[in-house]
1. Residues of region 37-71 with backbone nitrogen within less than 12 Å of a virtual label 7 Å along the Cα-to-Cβ line of Ile177, please, listed as ranges.
2. Among the listed pairs Lys40/Lys175; Lys42/Lys63; Lys56/Lys162; Lys42/Lys173; Lys52/Lys175, which have their C-alpha atoms separated by more than 18 angstrom in this model?
3. Where does the chain land at 222 nm, in deg cm²/dmol rounded to the nearest 500, when only DSSP H runs of n ≥ 4 count, each adding -39500 (n - 2.57), divided by all residues?
4. Assuming a ≥ b ≥ c are the square roots of the Cα gyration tensor eigenvalues, decide whether region 90-167 counts as rounded (a/c under 1.5), prolate (otherwise, with a/b larger than b/c) or oblate.
5. Could you work out how far helix 29-55 tilts from the main Cα principal axis of the chain, as a 0 to 90 degree angle to the nearest 10?
6. Just how large is the dipole of the chain about the Cα centre, in debye to the nearest 20, putting +1 at every Lys and Arg Cβ and -1 at every Asp and Glu Cβ?
7. Among Leu151, Ile16, Ile73, whose Cα projects farthest towards the positive end of the dipole of the chain, with charges put on the beta-carbon of Lys, Arg (+1) and Asp, Glu (-1)?
8. Place a label point 7 angstrom from the Cα of Thr112 along the Cα-to-Cβ direction, then list the residues of region 151-171 whose backbone nitrogen is under 17 Å away.
Amino acid sequence: MKERSKKCRICRQEFIPKYSTMQATCENIECMIAYSSKQKDKKIKRELKEVKERNKSVSQWRKELQQVFNQYIRLRDQGKGCISCGKQLQGKYDAGHFYSVGSYPNLRFSETNVHGQCVGCNQHKHGNLLEYAIGIERRIGKTKLEELKSLRNDRLSLPLDKIKELIYYYKDKVKEIKK
Ligand SMILES: [Zn+2]
Ligand SMILES: [Zn+2]
């Protein structure tokens with residue numbers, strides 16, 4: 001077998017693995033120590049994350065989904081105008097619901113029900129809904145708006161499995177856009 005050199009993960013110098021092909025560092029003792037403590041840190045971090053996830057309540061998972069969902073909506077709508085007033089969205093802006101979360105909780109995570117909205121319309125004009133009604137029809141079309149309307153009184157069934165699935169789904173979409 002031909003000996004293949006590798007790059008030390010710590011000092012970045014080339015070395016020929018002597019102990020095993022998995023060897024990650026050169027034989028410099030400082031590199032070995034640094035690498036092993038790095039691995040230990042990683043392991044501790046991973047374990048902490050697992051413990052945290054095991055103890056997370058359903059409402060915490062939902063909150064996480066809400067965050068990543070809103071992040072996705074804001075990224076999807078960047079460069080577009082505010083759904084209500086048309087003002088160019090830049091800097092800080094919100095993901096605004098057409099059918100409010102309070103009255104229509106089942107549309108909380110509906111992509112057609114949530115659009116990029118300026119802070120003025122979302123927070124200071126309570127969603128600026130009259131303008132929103134015009135903007136949303138322009139954005140998604142009459143058919144989809146009718147569809148959304150017909151769904152608004154459905155019951156939401158969002159078991160924990162589904163919540164976790166959606167978190168992964170939107171994390172992926174966010175990554176995809178940021179690429
Ligand atoms: Zn090294
Ligand atoms: Zn606005």
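The values are calculated or read from the model by the stated rules, or taken from the named source; none is laboratory data. Not measured: the values here are computed from a predicted model. Every residue, glycine among them, receives a Cβ derived from its backbone with ideal geometry; neighbour counts consider all protein chains shown. Protein only, heavy atoms only, side chains kept; ligands, DNA and RNA dropped before computing areas. Shrake-Rupley method; radii C 1.70, N 1.55, O 1.52, S 1.80 Å.
1. Under cut-off, by backbone N: 68-71.
2. Working: Lys40/Lys175 28 Å; Lys42/Lys63 26 Å; Lys56/Lys162 15 Å; Lys42/Lys173 26 Å; Lys52/Lys175 23 Å.
The pairs that break the limit, which is 18 Å between Cα atoms, are Lys40/Lys175; Lys42/Lys63; Lys42/Lys173; Lys52/Lys175.
3. Working: 5 runs with 87 residues, N = 179.
About -16500 deg cm²/dmol.
4. Numbers: a/c = 1.92, a/b = 1.33, b/c = 1.44.
Taking the square roots of the gyration eigenvalues as a ≥ b ≥ c, region 90-167 is oblate.
5. 30 degrees
6. Working: 40 positive and 21 negative charges, 95 e Å.
Value, rounded to 20: 460 debye.
7. Farthest towards the positive end: Ile16.
8. 151-156
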